[in-house]
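Below is one structure, written out as structure tokens; the observations come after it.
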Amino acid sequence: MRSLLVGFTLIVMTIAAPMMAAQKVELSIDASKTGAKIDRNIFGQFAEHLGHGVYEGIWVGPDSKIPNTRGIRNDVVGALKAIKVPNVRWPGGCFADEYHWRNGIGPQRVVTLNPNWGGVIEPNTFGTHEFMDFLDQIGAEAYVSVNVGSGTPREAAEWLEYMTTAQPTTLEKERAANGHPAPYKIAYLGIGNESWDCGGNMTPDYYLSQMKTYSRFVRNFNSEQQDKQQMLKIAVGPGGDGPRWTDWTETVMKAYQQHTWSWDINGLSMHNYTVGHWPPSYTSVGFGETEYSQFLKFTLEMDGLISKHAAIMDKYDPDKKVALVVDEWGGWYAPLPGSNPGFLVQQNSLRDAILAALNLNIFARHADRVRGANIAQMINVLQAMIMTEKEKMVLTPTYYVFKMYVPFQDATFVPVTFDAGWYTHGDVALPRVDAIAAKDASGKLWLEITNLDPNQPVEVEASLAGITAKSAAGETLTAPKVDSVNTFDTPNTVLPKPVSAKVQGGKLALKLEPKSVTVVSVEQ
Ligand code: AHR
């Protein structure tokens with residue numbers, strides 16, 4: 001019986017052994033060949049007045065026992081500083097098209113409702129000054145979305161005057177009286193949000209005429225933003241790939257081609273969530289390899305969607321003056337059981353880390369056109385960087401990916417060629433690996449490689465031309481399971497750990513763990 005068992009075990013091991021053998025993938029990188037700059041703004045964040053994204057996530061108020069600076073949580077600020085957030089899009093989302101800025105300034109705030117997101121009370125205690133203070137604390141720029149759906153060009157124009165003028169107008173004096181004599185800078189102006197849907201269900205032509213009016217009259221008066229650092233105006237763009245969306249892109253871009261001195265845009269927004277099917281039914285935790293592979297397949301559709309809309313933009317704007325700004329993206333799952341469905345609460349797993357890396361790589365490969373992106377959303381909502389519960393805070397797997405990618409901010413894209421091979425599960429086939437490379441301002445080469453295969457390690461051999469590589473080291477992010485998460489009680493389940501690569505004879509050799517995201521820098 002014993003020898004039978006040993007024999008059986010040996011047979012199983014022989015069959016199983018090749019399954020666990022590392023797959024080999026060869027990359028080829030020539031650091032002397034460079035592409036477009038990977039705009040740091042593709043690492044932008046999005047903070048909507050939705051659930052506990054702003055209230056509790058950022059704002060606890062100056063009287064809170066939670067350590068804060070002028071009402072803004074210190075722990076959250078510290079964590080966000082470490083990922084060098086370039087810009088924050090605010091106040092929405094759908095919320096933006098119902099937001100009236102005067103409700104959120106001065107000593108007496110107007111208490112309203114938030115009908116889009118759970119119908120809860122909107123206290124307006126977090127308004128313009130608090131948002132700007134928050135940006136100052138984390139070192140990010142402002143991406144303000146103005147209300148086109150239920151506001152007026154005059155309301156938006158006055159908000160911009162209030163924020164940006166240094167001239168002694170009534171609005172400037174009001175801003176100074178509210179505590180900020182110096183004008184604010186606004187880096188990006190979003191002209192509406194999803195105007196084809198929650199932003200007013202407009203036709204492309206109707207939106208276009210609204211957008212032109214806003215573009216004309218909503219001015220930035222900050223004297224430091226007239227020649228350099230001009231505010232970039234982002235028009236509403238597509239939200240999918242069907243004719244409805246290609247028509248939208250066509251309409252706006254065709255008009256742009258013929259635009260006159262009186263209006264202009266610098267960006268076209270695109271929204272694309274990885275969801276599978278609406279309403280969101282995939283769970284954010286407690287799933288297996290089937291859901292892992294399916295969801296990653298959905299997320300890779302981002303590439304085709306960008307290519308499709310970029311091709312339309314190329315027709316009307318071959319010089320690529322108008323950026324494609326993917327200002328809402330990320331995984332959108334079924335709400336966590338017991339949570340308010342209007343608050344879009346979900347967990348954030350290792351799968352989300354891989355999803356984030358794949359999307360950031362897609363943006364980097366389209367760096368000539370995609371010059372901005374905002375993951376939805378920064379705290380406690382959808383694919384968040386951070387989760388909070390009263391005084392507790394936990395950093396998600398997605399947060400760590402953003403941290404590992406900091407060196408890619410404003411780095412120059414370096415093409416990588418490789419045959420990724422395939423990882424298959426059931427009827428889903430995915431590239432086994434994904435990779436990007438870039439050179440930072442000091443000339444250092446950075447390489448990111450994702451191993452999508454949840455079962456098998458990958459041995460990477462990268463030939464490096466154009467540099468004399470001496471060593472390479474960095475970090476890798478993985479965890480025991482595809483749905484591993486960080487919780488308030490176990491915050492270190494998905495945590496980057498150091499990794500080193502062998503460099504010899506112009507080749508870099510690195511072993512990737514299954515289901516992992518790895519970033520290494522090459523020393524010369
Ligand atoms: O991010 C949540 C919502 O998704 C936004 O408010 C809206 O723009 C989109 O539909």
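Quick notes on this one:
- Among all residues of the stretch 303-326, there is at least one that is outside any helix (DSSP H, G or I), within 16 Å of the ligand (Cβ to nearest atom) and within 26 Å of S195 (Cα to Cα).
- Residue in the stretch 489-496 that is in contact (Cβ under 8 Å) with a residue 12 or more places away in the chain, open to solvent by 80 Å² or more (accessible area, probe 1.4 Å) and either outside any loop (DSSP other than H, G, I, E, B) or not aliphatic (A, V, I, L, M) (or both) present: no
- Qualifying residue in the stretch 66-89 (condition: open to solvent by 20 Å² or more (accessible area, probe 1.4 Å), at pLDDT 95 or above, within 16 Å of the ligand (Cβ to nearest atom) and assigned to a strand (DSSP E or B)): no
- In the stretch 329-371, the residues that are assigned to a helix (DSSP H, G or I), touching a Leu at 6+ places or on another chain (Cβ under 9 Å) and open to solvent by 10 Å² or more (accessible area, probe 1.4 Å): G342, F343
- The set of residues in the stretch 470-484 that are buried (at least 20 other Cβ atoms within 10 Å of the Cβ), touching a Pro at 6+ places or on another chain (Cβ under 7 Å) and part of a strand (DSSP E or B) comprises T476, L477.
- The set of residues from the stretch 190-209 being away from the ligand (no atom under 16 Å from the Cβ) and either charged (D, E, K, R) or surrounded by 15 or more Cβ atoms within 10 Å (Cβ to Cβ) (or both) comprises P204, D205, L208.
- Checking each residue in the stretch 497-520 for being open to solvent by less than 10 Å² (accessible area, probe 1.4 Å) and not hydrophobic (A, V, I, L, M, F, W, C) picks out S516, T518.
- In the stretch 106-117, the residues that are more than 16 Å from the ligand (Cβ to nearest atom) form Cβ pairs under 6 Å with partners that are not polar (S, T, N, Q), at six or more places apart or across chains, as follows: V111/P123; T112/E122.
- Looking only at the stretch 90-103, and only at residues there that are surrounded by fewer than 23 Cβ atoms within 10 Å (Cβ to Cβ), more than 11 Å from the ligand (Cβ to nearest atom) and not charged (D, E, K, R), the one that is farthest from D197 (Cα to Cα): N103
- Residues located in the stretch 410-425, provided they are closer than 13 Å to V460 by Cβ, in contact with a Lys or Arg (Cβ under 8 Å, 6 or more places away or on another chain) and among the hydrophobic types (A, V, I, L, M, F, W, C): A420
- The lone exception for P279 - which of (1) more than 30 Å from F131 (Cα to Cα); (2) within 15 Å of the ligand (Cβ to nearest atom); (3) open to solvent by less than 70 Å² (accessible area, probe 1.4 Å) it fails: (3)
- V54 vs. criteria crowded, with 22+ Cβ neighbours inside 10 Å and at negative phi: yes
- Selection of first residues in the stretch 317-335 that are on the phi < 0 side of the Ramachandran plot and in contact (Cβ under 8 Å) with a residue 40 or more places away in the chain and of second residues that are of a type in the set (K, R) and open to solvent by 10 Å² or more (accessible area, probe 1.4 Å), restricted to Cβ pairs under 6 Å at least 6 apart or on distinct chains, gives the following pairs, ordered by first then second residue: A323/R371.
- The residue that is nearest to the ligand (Cβ to nearest atom), among those in the stretch 265-276 that are more than 18 Å from S195 (Cβ to Cβ) and surrounded by fewer than 21 Cβ atoms within 10 Å (Cβ to Cβ), is V275.
- Residue, nearest to the ligand (Cβ to nearest atom), within the stretch 30-51, restricted to residues that are assigned to a strand (DSSP E or B) and surrounded by 24 or more Cβ atoms within 10 Å (Cβ to Cβ): F46
- Matching residues in the stretch 235-251 - criterion: being open to solvent by less than 10 Å² (accessible area, probe 1.4 Å) and touching a Lys or Arg at 6+ places or on another chain (Cβ under 9 Å): P238, T249
- Selected residue [of a type outside the set (A, V, I, L, M), under 17 Å from K392 (Cα atoms) and more than 25 Å from the chain's Cα centre (by Cα)] from G71, G104: G71
Yes/no matrix, rows are residues, columns are (1) acidic (D, E); (2) assigned to a strand (DSSP E or B); (3) open to solvent by less than 10 Å² (accessible area, probe 1.4 Å); (4) within 21 Å of S349 (Cα to Cα):
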| position | (1), (2), (3), (4) |
| --- | --- |
| Y399 | no, no, yes, yes |
| F402 | no, no, yes, yes |
| D410 | yes, no, no, no |
| A420 | no, no, no, no |
| Y423 | no, yes, yes, yes |
| A437 | no, yes, yes, no |
| Q456 | no, no, no, yes |
| S463 | no, yes, no, no |
| T468 | no, no, no, no |
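- Output for the stretch 502-524, where each listed residue is out of contact with any helix residue (DSSP H, G or I) (no Cβ under 9 Å at 6 or more places or on another chain) and either over 13 Å from V458 (Cα atoms) or of a type in the set (S, T, N, Q) (or both): K502, V503, Q504, G505, G506, K507, L508, V520, V522, E523, Q524
- Count of the stretch 107-139 residues which are of a type outside the set (S, T, Y) and open to solvent by less than 20 Å² (accessible area, probe 1.4 Å): 10
The values are calculated or read from the model by the stated rules, or taken from the named source; none is laboratory data. Bear in mind that the values here come from a model prediction, so they are computed numbers and not experimental data. Using ideal geometry, Cβ is built from the backbone for each residue, glycine included, and neighbour counts are taken over all protein chains shown. Surface areas here come from the heavy atoms of the whole protein model, side chains and all, with no ligands, DNA or RNA. Shrake-Rupley method; radii C 1.70, N 1.55, O 1.52, S 1.80 Å.
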